[in-house]
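The values are calculated or read from the model by the stated rules, or taken from the named source; none is laboratory data. Keep in mind it's a predicted model, so treat the numbers as computed, not measured. We place every Cβ from the backbone using ideal geometry, glycine too, and count neighbours over all the protein chains shown. For accessibility, only protein heavy atoms count, side chains too; no ligands or nucleic acids. Shrake-Rupley method; radii C 1.70, N 1.55, O 1.52, S 1.80 Å.
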Amino acid sequence: MSCISSQCFITIKSICIVLLLSITCGAVSANSNYGEALTKSLLYFEAQRSGKLPLDQRVIWRGDSALRDGSDAHVDLTGGYYDAGDNMKFGFPLAFTTTMLAWSSVEMESQLKAHQEHGNTLAALRWATDYLIKAHPEPNVLYGQVGDANLDHACWMRPEDMTTPRPSYRIDPQHPGADLAGETAAAMAAASLAFAPSDSAYAKTLISHAKELFEFAKDYPGVYHNSIPNAGGFYPSSGYEDELLWAAAWLHRATGDQTYLDHLTQASNSGGARSVFAWDDKFLGAQVLVAKLVFEGKVKNEGKMIEYKSMAEQFICNCAQKGFNNVKKTPGGLLWFLPWDNLQYTATASFALATYAKYLEAAQTSIQCPNGDVLQASDLLNLARAQVRQAFVFFPFKLNYVLRILKT
């Protein structure tokens, strides 16, 4: 699995944020300005905004763009985010970005508030969810792309000036995409949790869309790039089972509805021990969310539930070099998953580590790895922090992955 798009902005930039949030779970060096990096990452979201920009737009050199998106289908598809070093709006990675940003806001709310970035995080999240709501105008219709990726990539220009065609692509019962619908359902459900404390009406709207999209995904199976072939050369999907589990886990967390827990319990495939957590593989995310239910005593630690938890912990043990299939590491200690855009996988793994550490600490428990070693919450946090340091100072060469943030 790899991101084929030129820059993979939607995946990498959002994951930069969750990675930065991981480090703020605990004390950081006084010489490390991770707070500024977090601020700049959120500003970069604003730089990628499409549509009519708001009056409080902080990246003032950006202007309105793509104001006729969706007009070919007589639907308003303005807004959302451009994907990469292009002017495309790809729904599949955008939805994953939205889910992860929402999860960050939910789990790391106190840290975001301490850095005075919680409001900016919710603003970035709402810019995505407002667009996803527009993209779902009917229960069984979801627009999953705006723009022709091949034509767009043949002409590099500012979005304010672009003249390339902006066709709209959708999934529906005759052209299914359970992966796209499932991921978008997960995004809406996760975002509802982020907005619930401050805007309950908006949270209810998101839940309504999430429920409809989940049923759409279940009723009409299939991978979305068969229905939107133009996306296949950039963000092809390997399947839809993971998105359905991911969506069910988020809908259960947001609603408490037994229906979604039943889906998790009755699923034939829990994902097994995963090798990555990314825009095309969400099994680990679902496993971590189910493990939280086990820790909280909301489900019994048996059967399918213990399977999810066990698989999550196998991934964590492999990251900590204490498993059966340990993740490779660079000489400096960076977890190395795949050669193309590896940092996105390192970042998502770091977020999973930091989040799982939070759950372990709350339950006052630990992880027993296959080699007999025990991992405490502090071990997971230390590993996550080490990965964040690697992202900023690439040992042993002392080069920054993230530019113009920290001095080295």
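With a Förster radius of 30 Å applied to the beta-carbon distance between S268 and E215, the computed FRET efficiency rounds to 0.95. Couplings 3J(HN,Hα) for segment 75-90, derived from phi with the Karplus relation 6.51 cos²θ - 1.76 cosθ + 1.60 (θ = phi - 60°), are 9, 7, 10, 6, x, x, 10, 6, 7, 9, x, 8, 10, 7, 10, 9 Hz, where x marks Gly and Pro. Taking amide H as placed 1.01 Å from N in the peptide plane, G144 has its amide H under 5 Å from the amide H of Y169, R170, I171, each at least 5 places away in sequence or on another chain. Compared with the direct C-alpha span, the chain from T259 to Q321 gains 18.6 nm at full extension, assuming 0.36 nm per residue.
Distance between the 7 Å Cα→Cβ label points at D56 and S200: 2.2 nm.
Positive contributions from Lys and Arg (+1) and negative ones from Asp and Glu (-1), summed over other residues with Cβ under 12 Å from the Cβ of E243, come out at -4. Under a model in which nothing but the beta-carbon of Lys, Arg (+1) and Asp, Glu (-1) is charged, the chain shows a dipole of about 1200 debye around its Cα centre. Database remark: amide H of A84 closer than 5 angstrom to the amide H of F9 (H placed geometrically; neighbours at sequence offset of 5 or more, or on other chains; Pro and chain starts carry no H). Protein heavy-atom accessible surface, 1.4 Å probe, per residue over the chain: 40 Å². Taking a Cβ cut-off of under 15 Å around Y359, the surrounding Lys, Arg, Asp and Glu residues balance to a net charge of 0, with basic ones at +1 and acidic ones at -1. 3J(HN,Hα) couplings calculated from phi for segment 282-293 with the Karplus curve 6.51 cos²θ - 1.76 cosθ + 1.60 (θ = phi - 60°) are, in sequence order, 9, 3, 4, x, 5, 4, 5, 5, 5, 4, 4, 4 Hz; Gly and Pro show x. One decimal place: the segment D76-S310 gains 79.8 nm when fully extended, by the rule 0.36 nm per residue minus the C-alpha distance. Entry note: segment 269-407 has Rg to Rh equal to 0.99, where both radii use alpha-carbon atoms and Rh is the Kirkwood radius.
Here the Karplus relation 6.51 cos²θ - 1.76 cosθ + 1.60, evaluated at θ = phi - 60°, turns the backbone of segment 225-234 into coupling constants of 6, 6, 8, 10, x, 4, 7, x, x, 10 Hz, with x for every Gly and Pro.
Computed extension gain for K328 through N301, at 0.36 nm per residue and net of the alpha carbon distance, reaches 6.6 nm. A simple spin-label model places the labels of K40 and W340 2.8 nm from each other, with each point 7 Å out along Cα-to-Cβ.
Less than 5 angstrom separates the built amide H of Y235 from none of the residues sequence-distant by 5 or more or on a different chain. The distance between label points at N382 and H175 comes to 5.3 nm (points 7 Å beyond Cα on the Cα→Cβ vector). For segment 107-243, what class follows from the C-alpha gyration tensor (a ≥ b ≥ c being the square roots of its eigenvalues): rounded when a/c is under 1.5, otherwise prolate if a/b is larger than b/c, else oblate? Because a/c hits 1.5 or more and a/b fails to exceed b/c, segment 107-243 counts as oblate.
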